[in-house]
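The values are calculated or read from the model by the stated rules, or taken from the named source; none is laboratory data. Note that the structure is predicted; figures quoted are calculated from it, not measured. Cβ placement follows ideal geometry from the backbone for every residue including glycine, while neighbour counts extend to all protein chains displayed.
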Amino acid sequence: MALRPNSPQSRSDQLAAARAAQGNVFAREVDDALRADAAMEAVRRWGIPVGAALVAGLLGLGGWLWYDTHQANQRGIQGESMTQVLDSVEAQRTADVAAPLGALIKNGTPGYKATAQLLQAGIAQDQAKGDAAKLAKAAGDFAAVANDSAAPQALRDLASIREVAIRFDAMQPQQVVDRLKPLAVPGNPWFGSAGELVAMAYLRQNKPDLAGPLFAALAKDKTVPDSIRQRARQMAGALGVDAVDDVAALMAQSAGQAAGQ
């Protein structure tokens with residue numbers, strides 16, 4: 001059976017379809033206009049704060065980059081100044097270092113400031129020549145570094161040892177132990193210096209049972225400076241504590257020192 005062709009739309013149907021299409025177009029135009037109005041309102045409401053935030057962010061980034069570059073340049077300048085100071089100290093031209101040390105102490109980064117304070121105090125101690133007032137001043141300078149929370153911990157520990165070494169005779173033995181016992185352990189970079197002072201404080205407390213083993217540990221620790229190891233070996237022997245691991249090596253070392261003398 002043959003299919004019947006679609007009958008053409010009537011005039012009224014065509015007008016209805018046209019009105020529907022026009023309505024869809026109008027609705028889209030209205031929707032687009034509403035979205036544009038909403039966008040403009042958002043720009044009017046938030047444009048200035050957002051723009052200000054962006055500008056502030058860019059300014060902050062630029063300021064941070066400038067500060068970082070400036071700090072890097074300052075560290076370079078301070079490093080060169082510290083190198084010159086160390087060269088002068090090594091050449092025993094201590095009169096030349098007062099000004100650069102003062103500048104580093106005033107304006108240096110925490111590491112350079114603490115190092116400069118340690119050098120200044122060390123020079124003062126060397127020049128004191130037994131003068132009690134000058135020694136007290138040097139001890140105070142060391143104490144300032146030891147109590148500076150911004151300074152690197154290794155430098156604070158060194159300053160504590162130097163301060164206690166100056167004030168050892170005036171301090172109570174227990175004060176010495178309390179200050180330096182945390183450093184007087186094998187593996188600590190300052191085991192030699194701190195351990196020797198703590199062991200001597202034990203002797204002042206009449207505690208040879210604590211002093212002897214500590215002297216022996218110092219004598220056996222190859223990371224401890226030889227001068228401290230030799231003194232510790234003698235003290236441990238005097239206290240009846242064996243501080244020699246290799247007798248043959250010790251005898252060979254003693255023979256070599258005697259031959260050199």
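This table checks each residue for (1) in the same structural domain as Lys106 (by TED's automatic domain parsing); (2) exposed (fewer than 14 other Cβ atoms within 10 Å of the Cβ); (3) of a type in the set (Phe, Trp, Tyr); (4) modelled with pLDDT of 95 or more.
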position	(1), (2), (3), (4)
Pro152	yes, no, no, no
Leu155	yes, no, no, no
Phe191	no, no, yes, yes
Leu197	no, no, no, yes
Gln253	no, yes, no, no
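I'd like to know if region 135-142 contains one or more residues that are assigned by TED's automatic domain parsing to the domain that holds Val164, surrounded by 15 or more Cβ atoms within 10 Å (Cβ to Cβ) and acidic (Asp, Glu). Yes, there is a match, as at least one residue in region 135-142 is assigned by TED's automatic domain parsing to the domain that holds Val164, surrounded by 15 or more Cβ atoms within 10 Å (Cβ to Cβ) and acidic (Asp, Glu).
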